[in-house]
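The values are calculated or read from the model by the stated rules, or taken from the named source; none is laboratory data. Since the structure is predicted, the reported quantities are computational estimates derived from the model, not experimental observations. All Cβ positions, glycine included, derive from the backbone under ideal geometry; neighbour counts span all protein chains shown.
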Amino acid sequence: MREQRDLYGTSGNCFDLALWLIDELRSEGIVCYPVGENLGTQKAHGAVIAIDKAGKRYLCDLGDQWIQPVLVDPGAEGYTEAELPGFFPGARIAVFSDGVQVKIRYIRPNGKESQSVLGLEPVGEAEFWEAAAFSQSLLSRPLVEKRMNICTTGRVVHWEYERGQTKISSDRGLFTESEPHGEETWAKRISRRSGIDETVVRMALDVYEAEGLI
């Protein structure tokens with residue numbers, strides 16, 4: 001993944017990013033382990049729990065584009081169930097943890113809410129690798145996501161391409177970008193926004209189109 005990142009600007013899905021993060025954390029001496037839900041299915045999701053020197057657990061979810069880890073140990077100093085800004089682009093979050101699983105509420109600027117639930121117990125690493133391999137075998141509709149820093153304000157927004165549209169989620173709301181025009185193509189737009197090599201993007205889009213997924 002590191003080599004492909006350097007060559008093509010690619011990264012991966014939630015499992016790729018979780019495994020990469022685990023390797024980085026362990027190389028720094030930080031205790032961590034994988035967690036996940038619905039492993040081995042199309043709805044699977046993987047993330048990482050990192051443990052600080054005081055034994056407190058933090059959820060690290062790069063696959064969902066989180067900005068920073070969040071404390072998920074109830075009763076620990078600093079744990080709160082209040083709404084928090086600055087953890088997820090385009091939404092405030094609220095954490096509700098019983099120590100075994102955590103429910104995250106996402107509160108959008110327009111008042112809409114969604115939630116996710118994730119177990120906090122370690123997933124066996126062989127099982128996690130198997131789930132990661134299964135996820136790579138699936139060919140679903142193309143999705144490209146990117147956290148972007150707004151240099152003038154320091155805010156972090158979420159950009160995504162999905163179903164022939166590109167959108168930006170921020171603390172000011174959801175904005176749909178116009179379709180490419182002139183010499184711009186979807187491949188050029190995605191490459192410019194994500195940093196992925198344009199040739200790689202174009203080849204991927206051709207495959208999805210041939211499979212009837214765009």
Original post:
Which of the residues spanning the stretch 176-214 are more than 18 Å from Leu143 (Cβ to Cβ) and either in contact with a strand residue (DSSP E or B) (Cβ under 7 Å, 6 or more places away or on another chain) or small (Gly, Ala, Ser) (or both)?
Top reply: Ser178, Gly182
Original post:
With (1) over 22 Å from Gly9 (Cα atoms); (2) loosely packed, with under 13 Cβ neighbours inside 10 Å as the list, and Met203 as the residue in question, which single condition is left unmet?
Top reply: (1)
Original post:
Taking only pairs six or more apart or across chains, which ones have beta-carbon atoms under 8 Å, a first residue in the stretch 66-85 that is in the same structural domain as Val102 (by TED's automatic domain parsing) and among the aromatic types (Phe, Trp, Tyr), and a second residue that is part of a loop (DSSP other than H, G, I, E, B) and surrounded by 14 or more Cβ atoms within 10 Å (Cβ to Cβ)?
Top reply: Tyr79/Val72; Tyr79/Asp73
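Would you check if there is a residue in the stretch 152-159 being closer than 18 Å to Phe88 by Cα, exposed (fewer than 14 other Cβ atoms within 10 Å of the Cβ) and at pLDDT below 90?
Our first condition is that a residue be closer than 18 Å to Phe88 by Cα; within the stretch 152-159, this holds for 153-159.
Going one step further and asking which of them are exposed (fewer than 14 other Cβ atoms within 10 Å of the Cβ), we end up with 153-154.
With at pLDDT below 90 added as a condition, the list becomes 153-154.
Yes, because at least one residue in the stretch 152-159 is closer than 18 Å to Phe88 by Cα, exposed (fewer than 14 other Cβ atoms within 10 Å of the Cβ) and at pLDDT below 90.
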**OP:** Mind telling me which of the residues Val117, Val102 ends up being surrounded by fewer than 14 Cβ atoms within 10 Å (Cβ to Cβ), among the β-branched types (Val, Ile, Thr) and assigned to a strand (DSSP E or B)?
**Re:** Val117
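Considering the stretch 173-214 alone, what residues qualify as being basic (Lys, Arg) and either in contact with a Gly (Cβ under 9 Å, 6 or more places away or on another chain) or more than 22 Å from Gly154 (Cα to Cα) (or both)?
In the first step, residues of the stretch 173-214 are kept if they are basic (Lys, Arg); the result is 188-189, 192-193, 202.
Correct list: Lys188, Arg189, Arg202.
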